[in-house]
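A short write-up of the structure that comes next.
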Amino acid sequence: MIVDSLKIFVTVAEQKNFSKAAQLLHISQPGVSLHIQNLEREFRTKLIHRTSKQVKLTQAGEILYDGAKRMLQIYEGAKQEIDLLQNIVKGTIKIGASYTLGEYLLPRLLAEYTSLYPMVDIEVAIANTEEIMQKVKSNELDIGLVEGEVQHKDVLSRDFMTDEMILIVPNQHPLASKTRVSIQDLQDQVWVLREQGSGTRAYSDHFLQEYKIEMQRSFVFSSSQGVKEAVAAGLGIAILSHWIVRKEIAYGELHALKWADKKLERQCMILQKKETVESKALEIFMQHLAQIADE
């Protein structure tokens with residue numbers, strides 16, 4: 001079917017690699033090559049220059065890529081409209097989420113959604129905020145759910161919920177005995193941070209800069225779970241989402257500091273590439289996200 005060949009061609013063009021495209025599409029690399037060859041035979045011209053490292057579209061390939069994207073959107077839209085005639089919501093949604101949302105909020109959302117729409121397949125990618133933004137930009141994901149501000153000329157971003165941030169320390173930390181902590185209390189402390197590129201790290205950096213807090217030293221972990229465990233082990237102070245630490249605080253495994261200034265919050269964002277057509281399945285999922293924002 002020509003649609004299958006066009007999907008494969010678009011994936012190869014966006015991944016710039018045959019083997020990566022094959023992995024994403026769950027077909028063999030020779031199968032990918034065969035579809036590209038069939039398209040080149042159909043259009044009687046070379047569409048892709050293939051090197052040992054990556055592929056590059058020819059001028060004809062660029063034209064076909066733009067046309068194929070439009071045709072596939074029209075095709076998917078028609079499929080959705082036909083499904084609606086039968087009151088069926090189905091298809092595939094590719095969702096990306098930063099670690100906090102992907103590991104602590106998204107599973108609950110998906111459980112509710114898939115119970116109502118069991119014919120929708122969900123593919124989830126969890127990575128830091130910067131990686132999710134790049135995957136949305138390159139059309140690997142339909143939407144991205146991330147924490148903090150994200151700006152890119154090809155990506156639309158809008159708020160969908162507020163996330164409370166919590167200052168946490170191990171129970172034996174000297175600050176754990178204080179009713180409230182001040183900026184001065186936080187000076188010259190050991191901090192546990194996420195890696196650069198994560199929304200949590202961006203928030204932590206902003207907090208430290210805003211209040212001109214000097215660190216004695218810091219430890220950096222590539223996951224919020226690692227940060228949480230490091231704090232519990234006594235390494236230092238951290239700022240994490242309430243989604244991540246709510247159970248540990250409730251069970252007395254970590255201590256939440258009472259901040260003497262304003263409430264610590266950040267916005268969570270929905271990312272979508274500009275000029276994309278939403279499927280019915282994605283449209284309904286977005287409605288679920290809107291309900292979260294209103295709660």
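With all distinct Cα pairs included, what does the Kirkwood hydrodynamic radius of the chain come out to in Å, to one decimal, could you say?
Its Kirkwood hydrodynamic radius stands at 21.7 Å.
At a probe size of 1.4 Å, how large is the accessible area of GLU62, to the nearest 10 Å²?
Solvent-accessible area, nearest 10 Å²: 90 Å².
Starting from the 7 Å offset along Cα-to-Cβ, what nm value, one decimal, do you get for the label separation of GLU103 and ARG246?
1.7 nm
Calculate one ³J(HN,Hα) per residue across the range 144-149 by plugging θ = phi - 60° into the Karplus curve 6.51 cos²θ - 1.76 cosθ + 1.60, and present them in order as whole Hz with x for glycine and proline.
Computed from phi, the couplings for the range 144-149 are x, 10, 9, 9, x, 6 Hz.
Do any of LYS228/LYS263; LYS94/LYS247; LYS135/LYS263 go past 24 Å between their Cα atoms, and which?
Details: LYS228/LYS263 21 Å; LYS94/LYS247 29 Å; LYS135/LYS263 32 Å.
Over 24 Å Cα-Cα: LYS94/LYS247; LYS135/LYS263.
Please give the solvent-accessible surface of TRP259 in Å², to the nearest 10, using a probe radius of 1.4 Å with every protein chain present.
Approximately 30 Å² of TRP259 is accessible to the 1.4 Å probe.
Counting only heavy atoms of protein chains, what accessible area per residue, in Å², does the range 178-295 have with a probe of 1.4 Å?
It amounts to 51 Å² per residue over the range 178-295.
Can you figure out the FRET efficiency of VAL124 with GLN291, using R₀ = 22 Å and their beta-carbon distance, to the nearest 0.05?
0.65
Just name one of GLN196, GLN59, ALA238: the one whose Cα is farthest towards the positive end of the charge dipole of the chain (beta-carbon charges, Lys/Arg +1, Asp/Glu -1).
Result: GLN59.
Note down the nm distance, to one decimal, between modelled labels 7 Å out along Cα→Cβ at ALA232 and at VAL3.
4.8 nm
Given the convex hull over the Cα atoms of the range 119-222, what projected area results after averaging over all orientations, in nm²?
For the range 119-222, the mean projected area of the Cα convex hull comes to 9.4 nm².
Taking amide H positions as placed in the peptide plane 1.01 Å from N, state which residues far from VAL55 in sequence (5 or more) or on other chains have amide H under 5 Å from it.
ASN17
Based on the Cβ-Cβ distance of GLU62 and GLU195, what FRET efficiency does E = 1/(1 + (r/R0)^6) give at R0 = 45 Å, to the nearest 0.05?
Efficiency for this residue pair is about 0.80.
Find, among the trypsin sites (Lys or Arg not before Pro) in the range 103-157, those assigned to loop by DSSP (not H, G, I, E, B) with at most 14 other beta-carbon atoms within 10 angstrom.
Taking the range 103-157 and a limit of 14 other Cβ atoms within 10 Å, the loop trypsin sites (Lys or Arg not before Pro) found are LYS153.
Is the C-alpha gyration tensor of the range 35-142 telling us rounded, prolate or oblate? Criteria: a/c under 1.5 is rounded; beyond that, a/b larger than b/c is prolate, otherwise oblate.
Since a/c reaches 1.5 but b/c is at least a/b, the shape of the range 35-142 is classed as oblate.
If you roll a 1.4 angstrom probe over the protein chains with everything in place, what fraction of the accessible area of the chain belongs to carbon and sulfur, to the nearest %?
50 percent
How much of the DSSP bridge set in the chain is antiparallel, in percent, rounded to the nearest 5?
Working: 23 of 41 bridges.
Just about 55 percent of them are antiparallel.
Mind jotting down the three principal axis lengths of the range 69-121 based on Cα atoms? Whole angstrom, largest first.
Principal-axis extents of the Cα atoms in the range 69-121, largest first: 35, 27, 10 Å.
Label GLN151 and ARG41 with points 7 Å out from Cα along Cα→Cβ: what is the distance between them in nm?
The modelled label-to-label distance comes out at 5.1 nm.
Just to confirm the number: angle between the C-alpha axis of helix 59-85 and the first principal axis of the chain, 0 to 90 degrees, nearest 10?
On a 0 to 90 degree scale, this one is about 80.
With a 1.4 Å probe and all protein chains in place, put HIS26, HIS152 in order of accessible area, largest first.
Largest accessible area first, the list is HIS26, HIS152.
Return the FRET efficiency for the residue pair GLN134, LYS178: r is the Cβ-Cβ distance, R0 is 51 Å, and the value is rounded to the nearest 0.05.
Details: r = 41 Å, r/R0 = 0.81.
Computed FRET efficiency for GLN134 and LYS178: 0.80.
Report the accessible area of VAL55, computed with a 1.4 Å probe over the heavy atoms of all protein chains in place, in Å² rounded to the nearest 10.
10 Å²
Taking the Cα centre of the range 1-145 as the origin and placing charges on Cβ (Lys, Arg +1; Asp, Glu -1), which of ASN128, PHE43, ILE27 is farthest toward the positive end of the dipole?
Going by the Cα projections, it comes out as PHE43.
The values are calculated or read from the model by the stated rules, or taken from the named source; none is laboratory data. Given the structure is predicted, the values throughout are model-derived calculations rather than measurements. All Cβ positions, even for glycine, are placed from backbone atoms using ideal geometry, and neighbour counts span all protein chains on display. For accessibility, only protein heavy atoms count, side chains too; no ligands or nucleic acids. Shrake-Rupley method; radii C 1.70, N 1.55, O 1.52, S 1.80 Å.
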